[in-house]
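The values are calculated or read from the model by the stated rules, or taken from the named source; none is laboratory data. Please read these numbers as outputs of a predicted model, since none were measured by experiment. Cβ placement follows ideal geometry from the backbone for every residue including glycine, while neighbour counts extend to all protein chains displayed. Note: areas computed on protein heavy atoms with side chains; ligands, DNA, RNA excluded. Shrake-Rupley method; radii C 1.70, N 1.55, O 1.52, S 1.80 Å.
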Protein chains: 2
Amino acid sequence: MLNEHMLFLGRNRSEIRELFEYGKTLTAQGKQVCDLTLGNPSTPTPNWVSQVLSSTLENPSVHAYTSAQGSLRARRVIAKQLNERGTTCFSPDGVVITCGAAAALCGVIKTLVSSENTEIIALSPYFPEYKVFTEGAGAKFITVGFCGENFTPDIIALKSAVTKNTHAVIINSPNNPSGKVFIAEEITAISQVLFAKEKEFGHPIYLISDEPYREILFSENKLPFIPDFYKNTIICYSYSKSLSLPGERIGYIAIPDQICAFNDLYAGFLGSLRSYGYVCAPSIFQFMIENFKEVYADFSVYESNKNLLANGLIQLGFTVNDPQGAFYLMVKAPDGDSKGMSEKAKELGLLIVPADTFGAKGYLRLATCVSHGVARDSLLLFEKLAKIYGLI
Amino acid sequence: MLNEHMLFLGRNRSEIRELFEYGKTLTAQGKQVCDLTLGNPSTPTPNWVSQVLSSTLENPSVHAYTSAQGSLRARRVIAKQLNERGTTCFSPDGVVITCGAAAALCGVIKTLVSSENTEIIALSPYFPEYKVFTEGAGAKFITVGFCGENFTPDIIALKSAVTKNTHAVIINSPNNPSGKVFIAEEITAISQVLFAKEKEFGHPIYLISDEPYREILFSENKLPFIPDFYKNTIICYSYSKSLSLPGERIGYIAIPDQICAFNDLYAGFLGSLRSYGYVCAPSIFQFMIENFKEVYADFSVYESNKNLLANGLIQLGFTVNDPQGAFYLMVKAPDGDSKGMSEKAKELGLLIVPADTFGAKGYLRLATCVSHGVARDSLLLFEKLAKIYGLI
């Protein structure tokens, strides 16, 4: 008489969380472990955030309920920031402040599911919880593969995956797990497919842009602003990574003024979040957004860790990808068995996540948002692993 | 191609929220308004909470992801507190820390819904969002009436409402909207019905005890600890009211060690919250629980407001109930038309919520968690209302 689907999700944690919990147990036992599992930023939150939190102590009304969609002041700040990023117009009335990007994605997906036939497409590699959120909302989760080592989207596969039941495509750039940044040409190609399919089927196909890593870009990389390419874009954002506060759960949904069915979508987001029990986003962090300073956490360690690990792994004979942002690196299992490699690494005290459930079979994901020390120590363990695989 | 149910929920806000937003608009226009709609506590959060928040500023790791079920330290504190309340045993492994009681209720209800035939019963009067959470999870929402002016549960009606499809009954004491505290005899009577029905149908019928107001008790009133009466009790709690921080979204689910299907329930809670996008409860407030002091917000204003309003309204010729806790008072519409009375009050700048959707037809709910000044001013407006109704 219980919900078997929910029991399954509770019993079978994501592989990331499973390894993360294992690492915590080892650490609690005083054992040394190099944990490259979870995207838990190692860099502190910027000073201005602490100052804003401090100022709330004199202002008890900060802890009160806000409107369900979030404080108007905070939504004004967000709309202004989005308007500065491109030529597309956003207003505060198109913003819903949420308990992080996960809540934002859930609110959006639930809104877009009109029946059990609804299909939501994710471009591989993708964050595995997209599947959980989509199936939890009662829709079908469809994936589209990639081409080559650098995870270029497979446009031909996308074209044949979109059906009359496709209500949305999820894109995540910079990408978790690959660190790929989608370039303008790729976004144009995706948009052209969706424009044509919208015309063919006579209804909008939304592009859900999941953007928690958008500020974390390496070197010269630029991030194209997706709504400027495709007006039916729904942005889901989180401050978890940009401000190093993933546990606090603060983010937003934003839709441009010109999006198809603006009012219905916005009502749907509020209804979906309401039915999921999201009364409002944590008010102290809404106050933080009201007082936003354009100063992010110091991301430099992510790039130097990425370089250290990528170069080190290549020298050891492993194959790695070339991330342009975010804080993950992909390594190929030499024998194609990513779960086996994760197990072998675990025995050495090195925790790395098989990326098969991310739609990248044979790869493993390394979170590089650790301290320099952990990155260095893990290279020593990778050396042992290279010997096991006969690479050196 | 959108989800019509979610659009409906988004377009038709709860009457509480609708009036609250209206009041905010008036206030923004500089107009005077006596807003008795929302349970937004007027008393500040206790000093120790501010001190704990302050101490996090030196500890950036506070903002990291926690385990999905919440920090072990915080769960230990919660289990210890529950164990001190009665003879029933709770362990940290039976606690899930959530984004407030709404998330807790959603996680519990979703777990208990095995098919569209599942029925969840609420004892009237009840918090209207129970219906939203239950129907959102795909089950049927059934209500059971009350007897008399003091909202005594109708045990005979409960007995006939429980069917083989009933998976849970929701009880809320001290009650929103009535302020009723269920006495031991009433809980015993409810338990006896459920024991008999469990035996008859051969499966557990859970009692969901929604307890956000449990610390707010007037005078000599005592709160029976429900799990001591009925082992298949699931506690849903929020710190919103006890610590005056409703916007921050922190609470928990707790199940006793002896509950039927302990492991399945716990897995279901985690799975349900995961599928709804709850990654973890806000970590800074989990840290607050870890450092919990048994000092609550100062509730004295709620009782004095209740007395002021109840006495004043009786003198004006209105009929009110006798709340034993929480921070609401019920007033009867003299002509039985609560919506009409809410409209008439609104024209005077007095915002009070019709309680028909709370299962209390003909009543209105007054939130007494306002300042003394607002309570006094609203009595002046009630005087005008009494004249309109020809009571004075």
Any idea how far the Cα center of region A:340-392 sits from the one of region A:58-99, in Å?
40 Å
Largest to smallest principal axis extent of the C-alpha atoms in region B:262-373, angstrom:
53, 32, 28
Project the alpha carbons of the protein assembly as shown onto their principal axes and report the range along each, largest first, in whole Å.
91, 56, 49
Counting DSSP beta bridges with both partners in region A:156-257, what percentage is antiparallel, nearest 5?
30 percent
So, with +1 on the Cβ of K and R and -1 on the Cβ of D and E, and no other charges, what is the size of the charge dipole of region A:87-235 about its Cα centre, to the nearest 20 debye?
280 debye
Between copies, how far apart are the A:ASP257 label points? List them in nm, one decimal, shortest first, with each point 7 Å from Cα toward Cβ, please?
6.3
Within a Gaussian network of chain B (alpha carbon springs, distance under 10 Å), most fluctuating of B:ALA196, B:ALA122, B:ALA297:
B:ALA196
Between the DSSP loop rule and a limit of at most 10 other Cβ atoms within 10 Å, which GluC sites (Glu not before Pro) in region B:17-108 are left?
B:GLU58, B:GLU84
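For the protein assembly as shown, give the share of DSSP beta bridges that are antiparallel, in percent and rounded to the nearest 5; count only bridges with both residues there. Show your work: numbers first, answer last.
Working: 38 of 78 bridges.
Taking every DSSP beta bridge within the protein assembly as shown, about 50 percent pair in antiparallel fashion.
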Any idea of A:THR87's accessible area? Nearest 10 Å², probe 1.4 Å.
120 Å²
Projected label distance in nm at A:SER55 and B:GLU18, using a 7 Å step from Cα toward the beta-carbon
3.7 nm
Mind giving me the nanometre distance, one decimal, between the label points for A:GLN258 and B:LYS199, set 7 Å out from Cα along Cα→Cβ?
7.0 nm
Where trypsin sites (Lys or Arg not before Pro) fall in DSSP loop in region B:286-392, at most 13 other Cβ within 10 Å
B:LYS293
Cβ-vector label at 7 Å, B:LYS31, separations to other copies in nm:
6.6
Rg (one decimal) and Dmax (whole number) from the Cα set of chain B, in Å, equal 20.9, 63
Helix-derived [θ] at 222 nm for chain A: sum -39500 (n - 2.57) over DSSP H runs of at least 4, divide by residue count, nearest 500?
-12500 deg cm²/dmol
Shortest-first nm distances, A:PRO224 label point to equivalent points in other copies (7 Å, Cα→Cβ)
6.6
Of B:SER300, B:SER342, B:SER219, which is the most mobile in a GNM of chain B whose springs link Cα atoms less than 10 angstrom apart?
B:SER219
For chain B, with +1 on Lys and Arg beta carbons and -1 on Asp and Glu, the positive-most of B:ILE226, B:PHE285, B:TYR213 along the dipole
B:PHE285
Amide H of A:ILE170 versus every other amide H placed in the peptide plane: which residues, excluding those fewer than 5 positions away on the same chain, fall under 5 Å?
A:ILE121, A:ALA122, A:LEU123, A:ILE208
Where the only charges are on Cβ atoms (+1 Lys, Arg; -1 Asp, Glu), what is the dipole of chain A about its Cα centre, to the nearest 20 debye?
320 debye
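Could you work out the mean count of beta carbons from other protein chains within 10 Å of each residue's beta carbon in A:165-171? Could you put the intermediate results ahead of the total?
Numbers: counts 1, 1, 3, 0, 0, 0, 0.
Mean number of neighbouring Cβ atoms from other chains: 1.
Please grab the % of Cα pairs in region B:60-290 that end up more than 30 Å from each other.
19 percent
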Within straight-line cross-link reach of B:LYS31, lysines at Cα separation under 26 Å, skipping those fewer than 8 residues along the same chain
B:LYS306, B:LYS339, B:LYS344, B:LYS346, B:LYS384, B:LYS387
Anyone know which of A:PRO92, A:PRO334, A:PRO323 comes out most mobile in the 10 Å Cα GNM of chain A?
A:PRO334
Each label sits 7 Å from Cα toward the beta-carbon; between B:GLU343 and B:TYR389 the label points are separated, in nm, by 1.6 nm
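Peptide A:64-72: average number of partner chain Cβ atoms within 10 Å per residue? Provide the component values of the computation, followed by the final result.
Values: counts 10, 12, 4, 5, 6, 2, 0, 1, 2.
Taking the mean over all residues of the peptide, I get 5.
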Pick out, in residue order, every one of the trypsin sites (Lys or Arg not before Pro) in region A:31-107 that is DSSP loop and has at most 15 other C-beta atoms within 10 Å; say none if there are none.
A:LYS31
Report, in whole Å, the centroid distance computed from the Cα atoms of region A:180-241 and region B:268-293.
31 Å
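Per-residue Cβ counts within 10 Å, from other chains only, averaged over B:282-288: what number is that?
Values: counts 11, 5, 7, 5, 1, 1, 0.
Mean shielding count: 4.
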Am I reading the A/B interface right? What is its buried accessible area, both sides, 1.4 Å probe, to the nearest 100 Å²?
6100 Å²
